[in-house]
1. Just the residues that are surrounded by 24 or more Cβ atoms within 10 Å (Cβ to Cβ) and not in a helix (DSSP H, G or I), please, taken from segment 633-654.
2. Do we find a residue being under 39 Å from the mean Cα position of the chain (by Cα) and outside any loop (DSSP other than H, G, I, E, B) anywhere in segment 81-90?
3. What residue, among those in segment 336-382 that are of a type in the set (D, E) and part of a loop (DSSP other than H, G, I, E, B), is nearest to ligand 3 (Cβ to nearest atom)?
4. Could you please let me know if V605 is of a type in the set (V, I, T), open to solvent by 30 Å² or more (accessible area, probe 1.4 Å), outside the structural domain of H728 (by TED's automatic domain parsing) and over 27 Å from the mean Cα position of the chain (by Cα)?
5. Out of segment 466-489, which residues are more than 14 Å from ligand 2 (Cβ to nearest atom) and touching a His at 6+ places or on another chain (Cβ under 7 Å)?
6. Could you tell me whether L681 is open to solvent by less than 30 Å² (accessible area, probe 1.4 Å) and more than 16 Å from ligand 1 (Cβ to nearest atom)?
7. Looking at segment 500-516, which of its residues are open to solvent by 80 Å² or more (accessible area, probe 1.4 Å) and away from ligand 3 (no atom under 16 Å from the Cβ)?
8. Scan segment 556-566 and give yes if some residue there is assigned by TED's automatic domain parsing to the domain that holds E633, among the polar types (S, T, N, Q) and closer than 30 Å to F636 by Cβ, otherwise no.
Amino acid sequence: MNVLRTGSLFPEPGGAPEGEVSPGAGTGGSVARVITGLSLDREFDYRIPEGLRGQLRVGHAVRIPFGRRRMEGFVTAIGDHSDYPAELKAIEAISRPHPLFDETMLRLARWMGHYYAAPFETAIAAILPAAVRHEGADFRRLLSARRAGGAAPTPEEEEALRKRSPKAAAAWEALRDGDTLTAAELARATGVSVDSLRRLASRGWIVLEKAAVRRDPAARLEILPTVPPPPTEEQAAALAAIGEEIASPDPGVVLLHGVTGSGKTEVYLSAIQMALDAGKGAIALVPEISLTPQTMERFRGRFGDTVAVLHSQLSDGERHDEWQRIASGKARVALGARSALFAPIRPLGLLVVDEEHEPAYKQDETPHYHARDVAVMRGRLEGCPVLLGSATPSLESYRNARSGKYRLVRLTRRIDRAVMPDIRVVDMRLEAEKKSGQGRPLLSSDLVEAVRQRLARGEQSILFLNRRGFSTAVSCPDCGHEVMCPDCSVHMTYHRSGDFLLCHVCGARRPAPDKCPECGSAEIKRTGTGTQRIEAVAQALFPRARIARMDSDTTRAKDSHQRILGAFRRGDIDILIGTQMIAKGLDFPNVTLVGVVNADASLQVPDFRAAERTFQLLTQVAGRAGRGDVPGEVFFQTSSPFNPALQCACHADMDTFYDQEILMRELMKYPPFTRMTTVLLKGPDPAAVDAAALSVAARLRAMLPPEVELKGPAPAPLAKAKGLARVHLLLFAPAARDYLPALRAIQARPGLPRGTSLTVDVDAHSLM
Ligand code: ADP
Ligand code: ZN
Ligand code: ZN
């Protein structure tokens, strides 16, 4: 076996991988370094046989012997020398015609593995979709027919064919102008059989063979081409700034801070057009949740078939074909969620990250990368500008913009004189007093009245609540028992459709109890409010309204998301009730009312970003109202009406919010003043996990420089999940270099008891 440690060859992230296996020696070398899919975090050297020298490139997939097996690997370097002390085994073959990544993507993967403290093979897996990476990934090939190059029937022969076999004649006519059609398509259109096609082929008129057929995720969408509207003054200024970056030899990052409905998406589209005009391609990232048919239509309408779409609902086949369309240069614009960041657009002229503040950009498996941050790094490596956009930029990006590291451009006004919605804070404590004796209502009388007005005027309303299910807890007033998931430290949520309890962490279900499982009391209560309960309340209050609910329970089926939004757009729904799924990116001109049922919910999350998240969420939700001609109205129902995050959201006042929040972060030494990394230990035996966490903490403390503050170990806020105890350590450090070496040392020799695992999340965005 050709075992070789390679760490020393690739010393620092960001810097060019150098060493005797040099990237420049791309053609003539005799030694290739190969990464496999095995979880070994190391590469292996192979001899390049004579026949492949000069052909083999970085990024090529190759067949290699490995131990007694054969497998596929990817070439990561080519050179003339190996430190391996014995004879190298030879690469057997190049297994796919084109390299799957280039030097720049390889550098990005190396940086990502290093920075996010993840094994290199997981970084390679991140940059190549599984649908492309896996051996045997290929186009779908179907029996297809096309006109043969040489012989053609004479008019007499055509006439004879029409008499003898009208179906075959019709098939010939369909192919005569040079189209390629599958046998199935021909059969549908003309009724021709495969046998008749074979006869045409044997006469030399047509060619019948298996041909690649594109699986097109947009095949069912009907797209009308659009022309860009003339930009507003603010949009023109933003585009001028982006244009300068596109033209610059040393382009930077632009932060586009634009209120909801100010025309940010139009700016992205025009900026992408500039990149295309410069002969380059572009990538646009949107959070999965706002990758709606509406967004895809806007891109396709502007750029047509040159847009490739990458998102989680694609089949593997579709994903493979879309990726190959990009790799082959047929598609010049990649639109997608997180991982579209790695789309092989060449050359890359612009990277757009919409809603850059979205936590969904953080990958929840190894490597735990943040797509916005990796986009900034890719931009730097590619020498291409990066455009970050948001109505509520993250504190990290806003700080970079304020300090001049990023270029800040603003869109302060909504398009078409549409005014920002009128936001009203409803103090639910007073509401409770008004209805004394009846307990606190879920919807305040003002909000109910506002919905009623919308129904009367034929306008649409949105009710937002960030919790699905009917009730969020089931508890017994007699003995205090609360029904928890046996495997997770969370309450089970009651789901009325189906009458069961569900754990939102592990998905466990059990029948809803009608009496307390502890003391037998029949008084057991369902408390806390989920979207299902709001739906029930709304149905009772507005019996004639057409009400729909959109949350992860109602959108599980493929396309259900689109179906609900389509019905809402057509006006078939009066009131849409939903979770954050409806908070973002939707543009429905007839929505004139948004009610936030519990504006405090996101403040109660145990996370130092709770205020920031609340400000962002409320601003985004409020932005759904009044995007058409009729001004919008928004209600924030709250028990803490003077909370600063809520007050700033009322005025979409990013600067005041920022100034307050940044002081707190600095005082507490939280990001963006430090980098926060979590080390999470999980295992079935709580005592063993505790002990392991203590020992890891002690080893880290011994290695970490004094600038790094280590907190913990402590139970994670989600102290138990899926039957595993969870204990975490938090690291706060001025810079990544301060803690990465110590983390690496722990990862190399974690010394954990059996069954216990350790996960590192660099720049963690969730403490759960
Ligand atoms: P954002 O992304 O900031 O929410 P959009 O780009 O979706 O804003 O724009 C909001 C609405 O205004 C959309 O319907 C869009 O088509 C329209 N719009 C944007 N820019 C212009 C413009 N310059 N002229 C006319 N309409 C525009
Ligand atoms: Zn009880
Ligand atoms: Zn559970």
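The values are calculated or read from the model by the stated rules, or taken from the named source; none is laboratory data. This structure is a prediction, so every number in the text was calculated from the model and none was measured. FYI the Cβ positions are ideal-geometry reconstructions off the backbone, even for glycines, and counts take in every protein chain you see. In case anyone asks, the SASA skips ligands and DNA or RNA and just uses the protein heavy atoms, side chains included. Shrake-Rupley method; radii C 1.70, N 1.55, O 1.52, S 1.80 Å.
1. V634, F635, F636, Q637
2. If we filter segment 81-90 for residues that are under 39 Å from the mean Cα position of the chain (by Cα), which is where we start, we get none.
No: segment 81-90 contains no residue that is under 39 Å from the mean Cα position of the chain (by Cα) and outside any loop (DSSP other than H, G, I, E, B).
3. The extreme case among them is D364.
4. Numbers: of a type in the set (V, I, T): yes; open to solvent by 30 Å² or more (accessible area, probe 1.4 Å): yes; outside the structural domain of H728 (by TED's automatic domain parsing): yes; over 27 Å from the mean Cα position of the chain (by Cα): no.
No.
5. As a first pass, look at segment 466-489 and keep what is more than 14 Å from ligand 2 (Cβ to nearest atom): 466-472, 485-489.
The answer is G469, F470, T472.
6. Numbers: open to solvent by less than 30 Å² (accessible area, probe 1.4 Å): yes; more than 16 Å from ligand 1 (Cβ to nearest atom): yes.
In short, yes.
7. At the first step, the residues of segment 500-516 found to be open to solvent by 80 Å² or more (accessible area, probe 1.4 Å) are 509-511, 514-515.
Correct list: D514, K515.
8. The initial filter retains those residues of segment 556-566 that are assigned by TED's automatic domain parsing to the domain that holds E633, namely 556-566.
Still in the running and among the polar types (S, T, N, Q): 560, 562.
Cutting the leftovers down to closer than 30 Å to F636 by Cβ gives us 560, 562.
Among the residues of segment 556-566, at least one is assigned by TED's automatic domain parsing to the domain that holds E633, among the polar types (S, T, N, Q) and closer than 30 Å to F636 by Cβ, which makes the answer yes.
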